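Quick notes on the structure that follows.
Every number in this text was worked out from the coordinates using simple rules, so none of it is lab data. As the structure is a prediction and not an experimental result, all values here were calculated from the model. Methodologically, a virtual Cβ is constructed for each residue, glycine included, from the backbone with ideal geometry; neighbour enumeration extends over all protein chains shown.
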Amino acid sequence: MHKPSLIEFPSSIETPRLYIRPCMPGDGSDVFRAISDSRNELKPWLPFARKESTLEEVEAGVRESYAEFIKKTDIRLHIYLKETNEFIGSTGLHRIDWDVPKVEIGYWLHTKHTKKGYIVEAVKALTHFALNDLSCRRVEIRCDERNTASRKVPERLGFKFEGILRNDHLDEKGIDGRDTCVYSLVPGDLIEI
């Protein structure tokens, strides 16, 4: 395979209601606000939400993610409403192995935008992109076994439940072990993606 940094990536991936684009320097204030507003809901599931970060730290994280995007070692994407250009959350292609190739899709939303089908819409488009445009042989979604809202996303999109990784990560207090559900979709599984 050619160098991952040479892989072409569109300026945005569009769905009926959303556009999804690579994170860019300057996005930190939108991300900071969304995490701050949604901290209580995100904290049990996402390590980055457990620490009170400053705006400067969040912007630095965005810029580090942008550098990874350029190299295609990790592809962090931001989700916006087409109608208002409002930042509503993040998704991306993580744990990338270009030799297979395979990716893992992660996601989170600003609390005020949950339960509207936005993440299913975004993940469906990103899965389609990974399988068709990037020729991935495997797309994975992993989430905490107790995170029922997150588990509904791969289940609605026809991902196969592969199993549970027991004591795969720690809870938000860093004390108790938590289990991780693993879902996958491979080209032969294509239902409606």
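Hey, for a label at Arg146 modelled as a point 7 Å past Cα toward Cβ, could you say which residues of the range 152-193 have their backbone N under 18 Å away? Under cut-off, by backbone N: 152, 164-182.
Considering only beta bridges that DSSP places wholly inside the range 101-193, some 80 percent are antiparallel. Need one number: % antiparallel among DSSP beta bridges in the range 43-141, to the nearest 5. Among the beta bridges of the range 43-141, antiparallel pairing accounts for roughly 80 percent.
Under 5 Å between amide hydrogens, built in the peptide plane, is the criterion, and for Asp133 it picks out nothing among residues at least 5 positions away or on other chains.
Taking each residue as 0.36 nm, the span from Leu81 to Asp99 lengthens on full extension beyond its C-alpha to C-alpha distance by 3.1 nm.
Eigenvalues of the alpha-carbon gyration tensor of the chain, scaled by 5 and square-rooted, set the equivalent ellipsoid semi-axes at 23, 22, 17 angstrom, largest first. Using +1 at the Cβ of each Lys and Arg and -1 at the Cβ of each Asp and Glu in the chain, identify which of Gly26, Phe9, Pro154 lies farthest towards the dipole's positive end. Projecting each Cα onto the dipole axis, the largest value belongs to Pro154. Across the range 142-153, computed HN-Hα scalar couplings (Karplus, 6.51 cos²θ - 1.76 cosθ + 1.60, θ = phi - 60°) run 10, 7, 4, 4, 7, 8, 5, 5, 5, 5, 5, 4 Hz from first to last residue, x flagging Gly and Pro.
In µm²/s, what is D for the range 27-108 at 37 °C and 0.692 mPa s, where D = kT/(6 pi eta Rh) by Stokes-Einstein and Rh is the Kirkwood radius from Cα pairs? In µm²/s, the coefficient is 241. Most simply put, the chain has about 90% antiparallel DSSP beta bridges, counting only bridges with both residues inside it.
Between Lys112 and Tyr66, the contour length at 0.36 nm per residue exceeds the alpha carbon distance by 14.0 nm.
Rounded to the nearest Hz, the phi-derived 3J(HN,Hα) couplings of the range 69-75 under the Karplus curve 6.51 cos²θ - 1.76 cosθ + 1.60 (θ = phi - 60°) are 4, 4, 7, 6, 8, 7, 10, where x marks glycine and proline.
Remark: the range 25-168 carries a charge dipole of roughly 560 debye about the Cα centre, counting +1 on each Lys and Arg Cβ and -1 on each Asp and Glu Cβ.
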